[in-house]
Amino acid sequence: MIEIMELSKRFKKVLAVDAISFHVAKGEIVGLVGENGAGKTTTLRMLATMLKPTGGTAAIGGYDILRQPGKVRGEIGILFGGEVGLYDRLTGRENIEYFAALNGMTRAETDASVDKLIRLLDMEEYIDRRVGKFSRGMKQKVAIARSIVHQPTVMLFDEPTAGLDVSAARIVQDFILHCKQEEKAIIFSSHSMAEVEKLCDRLVIINKGRIVEDGTVSELKAKYRNDNLEDVFVQLAGESNGN
Amino acid sequence: MGTKVVKLVFLKELKDIFRDRKTIFMSLVIPLLIFPLLFYFMGSGMDQSVKKIEENLKVAVVDSGNSSLSQYLAGVEKLKLVESSDIEADIKNGTILAALEIPETFDADIQAERPANLVLFYDNASQASQMAYSALTNIIEAYSKTVVAQRLLARDISDDLLTPVVIDARTTEDEEEGMGKLMLSMLLPLMLVIFSISGPMGVAVDLGAGEKERGTLEPLLTTQAGRLSLLWGKFFAITVMGLLSTVSSLLGLMISMRQSGGLFQGSAVTIEPITILLIGLVTLLLTMFFGAVELSISIYARSFKEAQTYISPLMLVSFIPTYATYLLDAKNIDTYYFHIPLANITCLLKEFLAGIYNVSHIAITFAWIIIYIVAAVLFARHMFSKEEVIFRT
């Protein structure tokens, strides 16, 4: 579903992503793990065609990110951490519908998809009120619905639980598992090892733009003979930093 | 897909803007009220202060010979003669507005038909004192005329001798309307340029930097909508809001010109429909130009505040050619003015208001405006497609 081939990105003098390659299959959750500035967000932005790679390419649902960026964007849904990025003066429904329409859905398709998501995320009570006065958890649900309204086959999560309280983070985690059930290919970037261990089938650890490990949680634990994933990560990051 | 997305973005932005009471108040309500209020208070304030000074001209007369002139002055109703021991100091501190020194020999000089000298003190840095000065010179002029009339009468000569030529001035415009038109031809082009900058500003800042600051830009860019379609949708929404804001400012200006008691004293000016149409078209195009420039700056800025900081100099720079030409006389504008950015706009608007429709001036200015708009839109497109600009945080 997601095939990344020698993908690189250089910003002036900084090589943010250095020829990384990995793949994600249908129904698989791959954790993209690394410290701040390791290149996680840059990688996801290239996959979402927001940034142009300076080397290599990737294919999403069979579409090339360089040659068919529009088609690629139709296949992906993205959920960002931090600010939810909703329009405060629009209602929850209007926010979701706007993105559905921008993704080229017809009125009937939009209505069916939005109604389904409202029920799934239990938003009936407030969906027609303006988002400005929503709680963080309510906003998070609207943002989730918005990211998936056009029924993408691939989901990208960029530190989606950053800054969330426990219950709001739980909503996001449940949603990620729901996407897995729906057979979507998922990349999940995080620096919380506990979360990664809980959700991911496989881990890609990057440091300074390069992949330093790629394997399942149990493979990594066995390889480094350590049952604590966080210790493994710290060891790997330290090694490639030359410590 | 393209035009559909443009329309979608355009309608969404307008809905969003019209739900924002603050923006509606700032860009539609305030412009409507500001001129009527401003001109009303300026007009009534000026009226009152003029009346106050005119009815109370405090003047000191130092007359050592108790001349016929000082008796004449005592009979003038609006003068209030006061004593002063130190004329210059009293004028300086405003206790009196002016002072007249009449020499002892004044009456004798008049009798002997010699030039009689007077000394008039006033403060040329004070508006009130200057008014007193001109009132006094008028009164003395009138007094002189009575003296001349007596002298001529004594010689049995008609005073018609003094006015060999009589001028009957006739204006092409109704006198009041002419004044109004002159004011309008100076004020309106200047105002329209200012409105075209300030009208789209708030919305442009919101739709670029605001979108970045609220974190809505990135999700927007992940949709299938092309960046250019997003840009066009935003650009049209900004243009519409800019125009609405300008129309509201103009309505305010029109109301303020018609209100009695205001600065214009209700001097109604009638403008031909074709002139209104042409002025409207120029304003629309100018609003599009500034809207595109402001959107480019706004998308470059990291935050609302940064965008506002960057847009302010644009306003100042635009004022230079606009102010430089606002006193030009509409009937004598050289063609080269129509090649100077913004100066050409003010000059063309001046000509329209004066009823001049010079085809080559119109063609030159419109060609330039189209070039400005295309350049500004290309610049906005360039900014919108640059990664470093979009992700500048």
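A compact table of results
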quantity	calculated
Unmet criterion (only one of (1) surrounded by fewer than 15 Cβ atoms within 10 Å (Cβ to Cβ); (2) in contact (Cβ under 8 Å) with a residue 40 or more places away in the chain) for B:Leu162	(2)
Which listed residue, of A:Lys12, A:Lys71, A:Lys52, is modelled with pLDDT under 95, in contact with a Gly (Cβ under 9 Å, 6 or more places away or on another chain) and within 13 Å of chain B (Cβ to nearest Cβ)	A:Lys71
Enumeration of residues in region B:8-36 that are surrounded by fewer than 17 Cβ atoms within 10 Å (Cβ to Cβ), under 11 Å from A:Arg89 (Cβ atoms) and of a type in the set (A, V, I, L, M, F, W, C)	B:Phe18
Tally of residues being within 14 Å of another protein chain (Cβ to nearest Cβ) and without any contact (Cβ under 8 Å) to a residue 60 or more places away in the chain across region B:355-390	3
Inter-residue pairs, beta-carbon under 9 Å, first more than 26 Å from B:Ile17 (Cβ to Cβ) and free of Cβ contacts under 8 Å to residues at least 40 places away in the same chain and in region A:130-156, second surrounded by fewer than 24 Cβ atoms within 10 Å (Cβ to Cβ) and among the hydroxyl-bearing types (Ser, Thr, Tyr), 6+ apart	A:Gly137/A:Ser167; A:Gln151/A:Ser113
Qualifying residue in region B:33-56 (condition: farther than 30 Å from A:Arg107 by Cα and part of a loop (DSSP other than H, G, I, E, B))	yes
Pair list, Cβ < 6 Å and 6+ apart or interchain, from region B:325-349 residues that are over 14 Å from B:Phe366 (Cβ atoms) to residues that are part of a helix (DSSP H, G or I) and acidic (Asp, Glu)	B:Ala330/B:Glu351
Selection count, region B:298-316, where residues are out of contact with any helix residue (DSSP H, G or I) (no Cβ under 7 Å at 6 or more places or on another chain) and either within 19 Å of B:Leu285 (Cβ to Cβ) or among the hydroxyl-bearing types (Ser, Thr, Tyr) (or both)	2
Hits in region B:340-393 (condition: among the polar types (S, T, N, Q) and part of a loop (DSSP other than H, G, I, E, B))	B:Asn358, B:Thr393
Breaking point among (1) away from chain B (no Cβ under 14 Å); (2) more than 20 Å from the chain's Cα centre (by Cα); (3) surrounded by fewer than 20 Cβ atoms within 10 Å (Cβ to Cβ), for A:Ile118	(3)
Single match in A:Ile186, A:Ile206 (criterion: surrounded by 17 or more Cβ atoms within 10 Å (Cβ to Cβ) and modelled with pLDDT of 95 or more)	A:Ile186
Residue in region B:323-349 that is farthest from B:Phe289 (Cα to Cα), counting only those that are surrounded by fewer than 18 Cβ atoms within 10 Å (Cβ to Cβ) and polar (S, T, N, Q)	B:Asn332
Failed condition for A:Arg45, given (1) buried (at least 20 other Cβ atoms within 10 Å of the Cβ); (2) touching a residue at least 24 places away in the same chain (Cβ under 8 Å); (3) over 18 Å from A:Val196 (Cβ atoms); (4) not β-branched (Val, Ile, Thr)	(2)
Qualifying residue in region A:191-198 (condition: touching a helix residue (DSSP H, G or I) at 6+ places or on another chain (Cβ under 8 Å), aliphatic (A, V, I, L, M) and within 14 Å of chain B (Cβ to nearest Cβ))	no
Test: B:Phe121 is among the aromatic types (Phe, Trp, Tyr), under 27 Å from B:Glu55 (Cα atoms) and surrounded by 15 or more Cβ atoms within 10 Å (Cβ to Cβ)	yes
Those residues of region B:17-69 which are within 14 Å of another protein chain (Cβ to nearest Cβ) and among the β-branched types (Val, Ile, Thr), in sequence order	B:Ile17, B:Thr23, B:Ile24
Residues of region A:50-87 satisfying the condition of being closer than 19 Å to B:Glu211 by Cβ, without any contact (Cβ under 8 Å) to a residue 40 or more places away in the chain and surrounded by 23 or more Cβ atoms within 10 Å (Cβ to Cβ)	A:Arg73
Among residues of region A:94-109, those that are more than 10 Å from chain B (Cβ to nearest Cβ) and surrounded by fewer than 20 Cβ atoms within 10 Å (Cβ to Cβ), counted	4
Output for region B:350-369, where each listed residue is closer than 30 Å to B:Asp174 by Cβ and either surrounded by fewer than 14 Cβ atoms within 10 Å (Cβ to Cβ) or in contact with a Ser or Thr (Cβ under 8 Å, 6 or more places away or on another chain) (or both)	B:Lys350, B:Phe352, B:Leu353, B:Ala354, B:Gly355, B:Tyr357, B:Val359, B:His361
So B:Gly65, is it outside any helix (DSSP H, G or I) and surrounded by 13 or more Cβ atoms within 10 Å (Cβ to Cβ)	yes
Residues (of a type in the set (Asp, Glu) and within 16 Å of the chain's Cα centre (by Cα)) located in region B:320-360	B:Asp329
Candidates B:Arg258, B:Arg227, filtered to the one that is touching a Lys or Arg at 6+ places or on another chain (Cβ under 9 Å), surrounded by fewer than 23 Cβ atoms within 10 Å (Cβ to Cβ) and modelled with pLDDT under 90	B:Arg227
Enumeration of residues in region A:78-93 that are within 8 Å of chain B (Cβ to nearest Cβ) and either assigned to a helix (DSSP H, G or I) or under 19 Å from A:Ser113 (Cα atoms) (or both)	A:Ile78, A:Leu86, A:Leu90
Considering residues of region B:214-245 that are under 18 Å from B:Glu294 (Cα atoms) and polar (S, T, N, Q) only, the residue nearest to the other protein chains (Cβ to nearest Cβ)	B:Ser229
Lone unmet requirement of (1) part of a helix (DSSP H, G or I); (2) more than 22 Å from the chain's Cα centre (by Cα); (3) aliphatic (A, V, I, L, M) for A:Met123	(1)
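The values are calculated or read from the model by the stated rules, or taken from the named source; none is laboratory data. Not measured: the values here are computed from a predicted model. No Cβ is skipped: glycine too gets one built from the backbone with ideal geometry, and neighbour counts run over all protein chains shown.
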